[in-house]
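Worksheet for the structure shown next.
Read-outs throughout are calculated quantities, based only on the coordinates presented, and are distinct from any laboratory measurement. Treat the numbers as computed from the prediction; the structure is a model and nothing was measured. In this analysis, Cβ positions are derived from the backbone assuming ideal geometry, glycine residues included, and neighbour counts consider all displayed protein chains.
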Amino acid sequence: MNNIQKNRLKDQIFKVWGIGCTLFALILLAFFIGDILIDGIMRIDWAFIIDLPSRKPEKAGIYTALMGSIWILFLTTIIAFPIGVAAGVYLEEYSKKNRLSAILEINISNLAGVPSIIYGLLGLEVFVRIMGLGASVLAGSLTLSLLILPIIIVATREAIKAVPKSIKDASYALGASKWQTIWNQVLPASSGGILTGVILALSRAVGETAPLIVVGALAYVPFAPESPMDDFSVLPIQIFNWISRPQHGFIENAAAAIIILLLITFIMNGIAVYFRNKWQKKLK
Amino acid sequence: MAKEIEINMETITEQIPGKLIDPSLKKKSKIEVKDVKVWYDDFNAIKGIDMNIKPNTVTAFIGPSGCGKSTFLRLFNRMNDYIEGFRMEGKIKINGDNIYKKKVNVEELRKEIGMVFQKPNPFPKSIFDNVAYGLKIQGITDKQLIEERVIYCLKQVALWDEVKDDLKKSGMALSGGQQQRLCIARTLAVQPSIILMDEPTSALDPISTAKVEELIFKLKEKYTIIIVTHNMQQASRISDYTAFFYLGELIEYNKTKTIFTNPEKQQTENYITGRFG
Ligand SMILES: Nc1ncnc2c1ncn2[C@@H]1O[C@H](COP(=O)(O)OP(=O)(O)OP(=O)(O)O)[C@@H](O)[C@H]1O
Ligand SMILES: [Mg+2]
C-alpha cells in the first residue's frame, strides 16, 4: 500500500467515525424527545396552559410557571441587553488596551464559565437580602441577568470585532465622530451577531433552575406574578416539582411541560440562527 | 482652520438649502508641511519632511514599499491618530493653520479633506445611503438636498447611468471598479477641497483603472488631489507634481515631467526606471 492509499484509508476511517458519532448523538436526542412526546403530547391542551397549579394532576396546569418564565425573560432582557451591549461596546471600542483591560477581559470570559448556583448565592445575598427585594421576580431576573451578562458581553465583542476596519476607516474619513461611527456602521453591521448572542443567552436563562431556587423561587405559587415584586415560579422548577411526585399523572404533566419548555428554547434558537445567517450574508 | 471650515459648512447647509455649492467656489487649499517626523513606537517612519502643495493640482507620491507614503498621506486628514504608538512632530498647515494644533476639530477637518482607500470599502448599505452617509452624519435632513447631491456625485464619477435604476441595491453588490467610483462619489458628497487617494486603482482591472484616472483628471479642476501610486505610468499620466520617498525621507519633489525625464537624484532615476524598489 503506498502513501496515497494509506491517506485515503485514514480519510475513510475518520469519515465513518465522524458520521457514527454524529448519528449516536442524534439518535440519543431523538430517543429522548420521542420518549417525552409519547408521555406528554396527549396532555397538552389549552386548559393545561391556562390552568393554575392543583393537587390533582389532571386539573393542574402550567399557567403560573409559564407566566413566571415570561416575566423572568422579559425583565432579564430589559436589564441584561442594554447593559451587556453597552459594556461590550465600551470594552471593544473605548477602553484603552492596557493591563487592566486585559485582566477585565480574562475575567469576563471566566465568569461565563462560573457554575450558575454561585450566581444564585450572589443574588440571594445582594438582591434578596441587602437590597431587600425578597424572593421576587425582580430579584430572580437580576440574578439571571448577572448570569448571562458575560455571555452577552463576549458575543457583542466578537460581533464588533468582526466588523471590517475598512468600514470604520471610511466612516471616520468622511468626518464621522466615534459615536456616529459606532451607531451608524459598527452596530448595524454587528447587530445580527449581537442578537444571536443575546437570544442564545436568554434561552439559557429560561432553562436555568438552580440559581432561582437559591434566590427563593417557589415550587408552588397560587397566582401568576402581576408585578416585579411578586413571588414566582418558573417552568423548570415546576417540572422538577412534578417529576418528584409519585402519581403517574404528574409524570405526564412534567413531560408535557418539558415539551413546552423545549418548544420555547427551540424557537429562540431558531430565531438566533435566522439572525446569524442574515448577518453573515450582509457582511458577505 | 477649524473655525474657517465651520463657517464654510454653515454656508453650505444653511444659507443655500437645496442648492449645490460648487467646490471650485470654495477657498483654495494650500498645504505646507514643515519638518514633519513620525514614529510608530520607536520606529522612525518619517524622518523630517518639508513640502508645499499647490491648490488644484494632482501630486503623486511614489517610492518603494514601506517608505512611508501611506503614513505621510494619512497625516493630512489625521487618520494616523487612532494607530497605537503613533507620534508625530512638526507642522502641517492647510490654508495657514496648523491642523495638529490642540483645538482643531478633527471631524470638521475630515469633512474638508476626503480620502479614498486602496481597497474599495463601500458600507454594507444601499448605493444611495453610501453616498448620502456623509451628509446624514452632518445632521442634514433636507431630503431634496440629499437626493440632488447624491445624483450629482454619482454623475460626477460616471456611475449614474450604471446604477440609476437600482439605487437601493447594496453598494457591496457592485463590481470592484464600480465600488471604487462609489467610494469616490461618497467622498465628493461631503464637498472636501482636498482628496487623498492611497493606491486607489491597485485593486482594479485596467478598464476600471482608466475610468478612475479619467475621473481624477476631471476632478483636478475643483479639488487638490494627492495620490499614492506604485504605477509609474499612472503617476506620469495623471499628476502635475511627483514626490519620491525613500526610507521615510523625501528624496525629490518636482514637476512630474522633470522627475520622469530629468531627475536630479540618482536614486530617483533608479527607482523610476525600475532598477530597484
Ligand atoms: N500601524 C503601524 N505600526 C507600526 N509600524 C507601522 C504601522 N504602519 C506602518 N508602519 C511602518 O511604517 C513604515 C511605512 O509604512 P507605510 O505604510 O507608510 O509605507 P508605504 O510607503 O505606504 O508602503 P506600501 O507602498 O507598501 O503601501 C513601514 O516600515 C511600516 O512597517
Ligand atoms: Mg501604503
note = Here the convex hull volume per residue of segment B:81-176, taken over Cα atoms and given in Å³, is 153 Å³
remark   = Applied in sequence order to segment A:167-174, the curve 6.51 cos²θ - 1.76 cosθ + 1.60 (Karplus, θ = phi - 60°) yields integer Hz couplings, x standing for Gly and Pro, of 5, 5, 4, 4, 5, 4, 5, 8
request  = Rounded to the nearest Å, what's the spacing between the alpha carbon centres of segment B:88-158 and segment A:106-126? Just the number, please.
outcome  = 46 Å
note = quick shape note, segment B:164-207: Cα extents on principal axes in Å, largest first -> 30, 26, 15
ask   = Mind ordering A:175-182, A:96-103, A:137-144, B:118-125 by average Cβ neighbours within 10 Å, highest first?
value = A:137-144, B:118-125, A:175-182, A:96-103
message = Given bins 10 angstrom wide, list per bin the percent of all Cα-Cα distances in segment A:47-283, short to long.
response = 8, 28, 30, 20, 10, 4, 1, 0
key: Fully extended contour minus Cα-Cα distance, from B:Lys257 to B:Arg275, at 0.36 nm per residue   = 4.5 nm
query = How many percent of all Cα-Cα pairs in segment A:115-154 sit more than 16 Å apart?
reply = 28 percent
message = If amide hydrogens are placed 1.01 Å from N in the peptide plane, which non-local residues have theirs closer than 5 Å to the one on B:Val116?
response = B:Leu196, B:Met197, B:Asp198
task = With a 10 Å radius around each residue's Cβ, average the other Cβ atoms per peptide and rank B:231-238, B:177-184, B:94-101, highest first.
result = B:177-184, B:231-238, B:94-101
Inter-chain Cβ neighbour average for residues B:117-123, partner chain, 10 Å = 4
key: Residues B:Thr141, B:Thr242, sorted so that the one with the fewest Cβ neighbours within 10 Å comes first   = B:Thr141, B:Thr242
ask   = At each listed q (0.13, 0.14 Å⁻¹), what is the log10 of I(q)/I(0) that the Debye formula gives for segment B:165-242 modelled as equal alpha-carbon point scatterers?
value = -0.40, -0.46
Which listed pairs, of A:Lys165/B:Lys222; B:Lys111/B:Lys220; B:Lys69/B:Lys218; B:Lys34/B:Lys255; A:Lys178/B:Lys101, have C-alpha distances above 22 Å, in listed order = A:Lys165/B:Lys222; B:Lys69/B:Lys218
inquiry  = Taking each pair of distinct Cα atoms in segment A:76-181 once, what is the resulting Kirkwood hydrodynamic radius in Å?
reply    = 15.5 Å
remark   = Using alpha-carbon positions, the gyration tensor of segment A:14-167 gives root eigenvalues a ≥ b ≥ c; with a/c under 1.5 called rounded, otherwise prolate if a/b exceeds b/c, else oblate, the class is oblate
remark   = Simple SL model, points at 7 angstrom along Cα→Cβ for A:Leu100 and A:Arg129; separation in nm is 3.1 nm
query = In segment B:55-119, which GluC sites (Glu not before Pro) fall in coil by DSSP and have 12 or fewer other Cβ atoms within 10 Å?
reply = B:Glu84
message = Need the list of aspartates and glutamates near A:Lys168 for cross-linking: C-alpha distance under 14 angstrom, and skip anything on the same chain fewer than eight residues off.
response = A:Glu92, A:Glu93, B:Asp81, B:Glu107
ask   = Amide H to amide H under 5 Å from B:Thr57: which residues, 5+ apart in sequence or cross-chain, H placed 1.01 Å off N in plane?
value = B:Ile225
task = Please give the calculated 222 nm ellipticity per residue for chain B, where each DSSP H segment of at least 4 residues contributes -39500 (n - 2.57) and the sum is spread over every residue; nearest 500 deg cm²/dmol?
result = -10000 deg cm²/dmol
request  = Filter the chymotrypsin sites (Phe, Trp or Tyr not before Pro) in segment B:187-277 down to the DSSP loop ones having no more than 12 other Cβ atoms within 10 Å, then list what survives.
outcome  = B:Phe276
note = quick shape note, segment B:28-272: Cα extents on principal axes in Å, largest first -> 53, 42, 31
ask   = Averaged across the residues of A:159-165, what count of C-beta atoms belonging to other chains lies within 10 Å of each residue's C-beta?
value = 1
Sequence-distant residues sharing a close amide H with B:Ser126 (under 5 Å, placed H) = B:Gly171
task = For segment A:3-43, compute Rh as the Kirkwood radius over C-alpha pairs and then the Stokes-Einstein diffusion coefficient at 10 °C and 1.306 mPa s; write the answer in µm²/s, rounded to an integer.
result = 128 µm²/s
ask   = How about B:Lys257: which aspartates and glutamates have a C-alpha closer than 16 Å to its C-alpha, ignoring those fewer than 8 places off in the same chain?
value = B:Asp240, B:Glu269
query = By its C-alpha gyration tensor, with a ≥ b ≥ c as the square roots of the eigenvalues, how is segment B:104-154 shaped: rounded for a/c under 1.5, else prolate for a/b larger than b/c, else oblate?
reply = oblate
message = Under 37 °C and 0.692 mPa s, how fast does segment B:131-184 diffuse according to Stokes-Einstein, given a Kirkwood radius computed over C-alpha pairs? Answer in µm²/s, whole number.
response = 283 µm²/s
ask   = Over all directions, what mean area does the Cα convex hull of the protein assembly as shown project, stated in square nanometres?
value = 37.0 nm²
message = Using a 10 Å cut-off around each Cβ of peptide B:182-191, what is the average number of partner chain Cβ atoms that fall inside?
response = 1
query = If you build a Gaussian network model of chain A, linking Cα atoms that sit under 10 Å apart, which residue out of A:Phe223, A:Phe14, A:Phe24 swings the most?
reply = A:Phe14
remark   = Cross-link reach from B:Lys168 to lysines, straight Cα distance under 16 Å and at least 8 residues apart if same chain, gives A:Lys282, B:Lys125, B:Lys143
